[in-house]
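Below is one structure, written out as C-alpha cells, with a few remarks after it.
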Amino acid sequence: MNIRKAVIDDLSELVRLESIYFHNPWTNDQFKYELEENVFSTTLVIEEENKLIGYINYWITFDNATLNKICVDENYRKQGLAQKLIDLFEEDCKKNDCMVETLEVRVSNEPAKSLYMKNGFTAVTTKKGYYNDGEDALYMVKGVY
C-alpha cells in the first residue's frame, strides 16, 4: 500500500471512484483544476498494486483548512485507510499552523460522521438543502477558536 500526492495521470481513476461513491461527483475538469491550478489544494491517493483505491482532497488557506473529499473503495474499507488519510491531513494542518478545520458531510452519511467525530470534529450547524438532491449537510469544525 502506497500513499502519495496525486498526479495528472490519476485523473481517470479519481473520476471513476468519485462517480461511484458521490451523489454529485466532481468532473475530470474539477479534479484537473485541483491538481494543476489551485495552489491551496492537496490531493493524496492510496494505491495498492498500481490500483488507486482511495483519496483525500483538502485546501489549506493561510490558517484554515477545508476537507473537501475523502473516499476509499468499498472493497478496502474497515482497514483504517480513511484514518490514514485523515492523519496525513492533520499532519499537514499542524505543519501549516492551521487554527480551524472545516468540512460538510451529508446528514445521512453515518460512517463519515463517525470518522470525523472520532477525529475531533464537532457539528456546529445544519446547512438546509445543501446538496443538489436537497439533502442537508452538517457543517463540522475542529480547532482553536
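Just so you know, all these numbers are worked out from the coordinates, no wet-lab data involved. What you are looking at is a predicted structure, and each value in this text was computed from that prediction instead of being measured. Methodologically, a virtual Cβ is constructed for each residue, glycine included, from the backbone with ideal geometry; neighbour enumeration extends over all protein chains shown.
Tabulated data
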| item | result |
| --- | --- |
| For segment 17-95: rounded, prolate or oblate by the Cα gyration tensor [a/c cutoff 1.5] | oblate |
| Full-stretch length increase - residue 51, residue 88 - with 0.36 nm per residue and alpha-carbon distance subtracted | 11.3 nm |
| Relative contact order (%) - the chain, alpha-carbon pairs under 8 angstrom, separation at least six | 17 percent |
| Lone cysteines, the chain (no partner Cβ under 4.7 Å) | 71 |
| Per residue, the convex hull volume that the Cα atoms of the chain enclose (Å³) | 110 Å³ |
| Potential lengthening between residue 4 and residue 23 on full extension [0.36 nm per residue; Cα-Cα distance subtracted] | 4.3 nm |
| Whole-Hz ³J(HN,Hα) from phi, Karplus 6.51 cos²θ - 1.76 cosθ + 1.60, for segment 9-26, glycine and proline x | 5, 8, 3, 4, 6, 4, 5, 4, 5, 4, 5, 6, 10, 10, 5, 10, x, 5 |
| Among beta bridges that DSSP assigns inside the chain, antiparallel share in %, nearest 5 | 90 percent |
| GNM top mover of 90, 37, 49 - the chain, alpha-carbon springs below 10 Å | 49 |
| For the chain, size of Cβ-based charge dipole, Lys and Arg +1, Asp and Glu -1, in debye | 460 debye |
| Helix-derived mean residue ellipticity, 222 nm - over the chain, DSSP H n ≥ 4, -39500 (n - 2.57), to 500 | -9000 deg cm²/dmol |
| Rounded if a/c under 1.5, otherwise prolate or oblate - segment 79-145, Cα gyration tensor axes | oblate |
| Length-normalised contact order for segment 1-82 - Cα pairs under 8 Å, 6+ apart - percent | 26 percent |
